[in-house]
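For reference, the structure is listed below as structure tokens.
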Amino acid sequence: MTAIDLNADLGEGFGRWRLTDDEQLLSVVSSANVACGFHAGDAATMRRVCELAAERGVTIGAQVSYRDLAGFGRRAMDVPPAELAAEVAYQIGALEVFARAAGARVAYVKPHGALYNRVVHDAEQGRAVVEGVRLADGSLPVLGLPGSRLLELAAEAGLPAVTEAFADRAYTDEGTLVPRGREGAVLTDPDTVVERSVSLARSGAVVAHSGARIRVRARSLCLHGDTPGAVGLARRVRERLLAAGVRVEAFA
């Protein structure tokens, strides 16, 4: 039976503000990318999400970002490599405290937003992320885009490199994500997202923004938690995957 992990970005709030329905999404996904305070999240939020994830048997991952709380981590930034490595390790370490307190652990790392897109091609920034992961824990898997420099560098450093696909994002013909500023970059039709999820899981294929059919082989499928109707859509995706004979299980 084909297996795939379902991950979602969680803990994306700050203080009284909450963007994601963490409790409901944790009943659907198998892995939780928890914001570590740099693009979203705070100590209380990280603790709460880790406790909920541990209760439900959901794997906890650190979603690391540029230090950009005002821009939600989606603004391009130039951070010196040594500083970025230290900040990646810092974020992982902060989340690990709350994961361990909940009886779990941080099991993988995924960059967020502008950092995620930057390390697809930027070897210097990708190397800094890998260095930060190794500073925190030299055995942690790194989750990223297939064919990215980040995953290549992670594998070279001896870290497990795990490929990820997006059911609700448009792809270029090269297999990268269409920038969010472009029309059609985020898919909003639920039926389209559900069918793409099954196609990605079963055949490793998706229709690009241009209409071309491209290969996107991934072990994990991301469902964004900050889109309208995210919980209902996530449930539909999981139900359709199971009906299609795809087992949902964490990769870490």
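The values are calculated or read from the model by the stated rules, or taken from the named source; none is laboratory data. Since the structure is predicted, the reported quantities are computational estimates derived from the model, not experimental observations. Don't worry about glycine lacking a Cβ; one is built from the backbone with ideal geometry, like all the others, and counts go over all protein chains shown. With ligands, DNA and RNA removed, areas are computed over all heavy atoms of the protein, side chains included. Shrake-Rupley method; radii C 1.70, N 1.55, O 1.52, S 1.80 Å.
The set of residues from segment 50-81 being in a loop (DSSP other than H, G, I, E, B) and either aromatic (F, W, Y) or closer than 16 Å to A107 by Cβ (or both) comprises G57, V58, Y66, F72.
A35: closer than 21 Å to G126 by Cα, touching an Asp or Glu at 6+ places or on another chain (Cβ under 6 Å) and touching a residue at least 60 places away in the same chain (Cβ under 8 Å), yes or no? Taking the combined requirement at face value, the residue satisfies it. Just one of the listed residues (L145, L84, L140) is buried (at least 20 other Cβ atoms within 10 Å of the Cβ) and over 29 Å from V186 (Cα atoms), and it is L140.
Can you say whether S203 is more than 29 Å from A243 (Cα to Cα), among the polar types (S, T, N, Q) and surrounded by fewer than 15 Cβ atoms within 10 Å (Cβ to Cβ), as far as the supplied structure shows? Write out each step before concluding.
Values: more than 29 Å from A243 (Cα to Cα): no; among the polar types (S, T, N, Q): yes; surrounded by fewer than 15 Cβ atoms within 10 Å (Cβ to Cβ): yes.
Against the criterion (more than 29 Å from A243 (Cα to Cα), among the polar types (S, T, N, Q) and surrounded by fewer than 15 Cβ atoms within 10 Å (Cβ to Cβ)), S203 does not qualify.
Scanning segment 1-19 for residues that are surrounded by 24 or more Cβ atoms within 10 Å (Cβ to Cβ) and not charged (D, E, K, R), we see that the one that is farthest from A218 (Cα to Cα) is G11. Among residues of segment 206-218 being in contact (Cβ under 8 Å) with a residue 60 or more places away in the chain and surrounded by 15 or more Cβ atoms within 10 Å (Cβ to Cβ), the one that is nearest to the chain's Cα centre (by Cα) is A218. Within the option set Y108, Y90, being open to solvent by less than 60 Å² (accessible area, probe 1.4 Å), within 20 Å of V49 (Cα to Cα), aromatic (F, W, Y) and at pLDDT 95 or above holds for one residue only, Y108. The residue that is modelled with the highest pLDDT, among those in segment 223-252 that are of a type in the set (D, E) and over 17 Å from G57 (Cα atoms), is E239.
P179 fails exactly one of the following numbered conditions: (1) more than 26 Å from G11 (Cα to Cα); (2) in a loop (DSSP other than H, G, I, E, B). What is the number of that condition? Single failed check for P179: (1).
Right, G184: crowded, with 18+ Cβ neighbours inside 10 Å, assigned to a loop (DSSP other than H, G, I, E, B) and at pLDDT below 95 or not? For G184, the condition - crowded, with 18+ Cβ neighbours inside 10 Å, assigned to a loop (DSSP other than H, G, I, E, B) and at pLDDT below 95 - is not met. Among the residues of segment 219-246, those that are surrounded by 13 or more Cβ atoms within 10 Å (Cβ to Cβ) and not in a helix (DSSP H, G or I) comprise R219, S220, L221, C222, L223, H224, G225, D226, T227, A244, V246. Listed conditions (1) under 26 Å from A167 (Cβ atoms); (2) touching a residue at least 12 places away in the same chain (Cβ under 8 Å) are all met by F14, apart from (1).
Within segment 166-180, is even one residue in contact with a Leu (Cβ under 7 Å, 6 or more places away or on another chain), small (G, A, S), closer than 23 Å to A250 by Cα and modelled with pLDDT of 95 or more? Within segment 166-180, none of the residues are in contact with a Leu (Cβ under 7 Å, 6 or more places away or on another chain), small (G, A, S), closer than 23 Å to A250 by Cα and modelled with pLDDT of 95 or more. For T45, which of the numbered conditions (1) in contact (Cβ under 8 Å) with a residue 12 or more places away in the chain; (2) under 25 Å from V246 (Cα atoms) fails to hold? Of the numbered conditions (1) in contact (Cβ under 8 Å) with a residue 12 or more places away in the chain; (2) under 25 Å from V246 (Cα atoms), the odd one out for T45 is (2).
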